[in-house]
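Worksheet: one structure, shown below.
The numbers here are math on the coordinates, done by the rules we state, and not lab data. Owing to the predicted nature of the structure, the values given are computational and were not obtained by experimental measurement. Cβ placement follows ideal geometry from the backbone for every residue including glycine, while neighbour counts extend to all protein chains displayed.
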Amino acid sequence: MDHFLQIYGTLPRAGPGSNELTRRAFEIMSDVPESPRILDVGCGPGMQTVELLRITSGTVVALDLIPEMITRVRARAVSAGVSDRLETLEQDMTEMVFPESSFDVVWSEGAIYFLGFEAGLKKVKDFVEPGGYVVVSEAVWLKPNPPPEVVEFWKEYPEIDTVAAKLEVIKRIGYESVGHFIFPATAWTEHYYNPMEERIAEKTAEWRGIPEAEAVLKKARNEISIFRSHSDYFSYAFFVMRN
């Protein structure tokens, strides 16, 4: 885990995305209270957490299992001057429990897959006010018949599916879909894969001969290679839904 965190845990983001996309997803919502209470599930280092605090006058509860991520989101909020409206919770998202209707918005960028898309949306539904929103980013197929190496890569997350299939899940659970959009390739590279390549370069010589460390580097290189070669087959999409 230490070697993993030295690569993945030091990046600007824990997955694809950008402040621009966070704002775009937020703007799809209507009738959000001026000072909403927002739960950010799987906040990671908190780039989107701080952006949510910037674009509202509300409170964000940032939840993550990894202590280093909680430390980073707090530091980011202090640097941005919004820490007075940030609450943090170091907890496994599988164990989160809140009273019914605790939040106006539940937000999760690239993290709902830890619960599973359908299971995650079901779990947070009671936490949201009637008429409130759930906003998540999720891996999706962009076209059929991906090459074998892409299929193999995504075996780690068997719930990856088409946008249409995700919308059916949203409807089946009882949400109203109010908008969705696909991430551009730059959302994967600017704050995620480009800095990841820099970390790999920094650690390659230092970690030579350490099997567990070299395994982390190999995994990271493969992830980047799959994206660079086959990004026309998959991406993330934001889904905005109303409870």
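Laid out as a table, the results:
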| read-out | value |
| --- | --- |
| Check: the chain dipole with +1 on Lys, Arg Cβ and -1 on Asp, Glu Cβ, in debye | 340 |
| Positive-end residue, the chain charge dipole about Cα centroid, Cβ charges, pick of LEU11, ALA187, THR59 | ALA187 |
| ³J(HN,Hα), Karplus 6.51/-1.76/1.60, whole Hz, each residue of region 195-211, x for Gly, Pro | x, 5, 4, 5, 5, 4, 4, 5, 9, 4, 5, 4, 9, 4, x, 9, x |
| Computed E for MET96/LYS218 - FRET, C-beta separation, R0 45 angstrom, nearest 0.05 | 0.85 |
| For SER177, residues with placed amide H under 5 Å, excluding near neighbours | ARG242 |
| Rounded to 5, percent antiparallel among DSSP beta bridges of the chain | 40 |
| Helical contribution to [θ] at 222 nm, DSSP H n ≥ 4, -39,500 (n - 2.57), averaged over the chain, rounded to 500 | -11500 deg cm²/dmol |
| Under-5 Å amide H pairs with SER235, H placed in peptide plane, nonlocal only | VAL140, LEU142 |
| Least to most buried among ASP161, ASP2 (fewest other Cβ within 10 Å first) | ASP2, ASP161 |
| Pairs of alpha carbons in the chain whose separation is greater than 26 Å (percent) | 38 |
| Full-extension gain in nm, LYS143 to ILE55, via 0.36 nm per residue minus C-alpha separation | 28.3 nm |
| Added length on full extension, which subtracts the Cα-Cα distance from 0.36 nm per residue, ARG228 to LYS171 | 17.2 nm |
| Sorted by Cβ neighbour density within 10 Å, fewest at the top, the residues LEU167, LEU63, LEU5 | LEU5, LEU167, LEU63 |
| Ascending count of other beta-carbon atoms within 10 Å, so fewest first, for ILE112, ILE66, ILE160 | ILE66, ILE160, ILE112 |
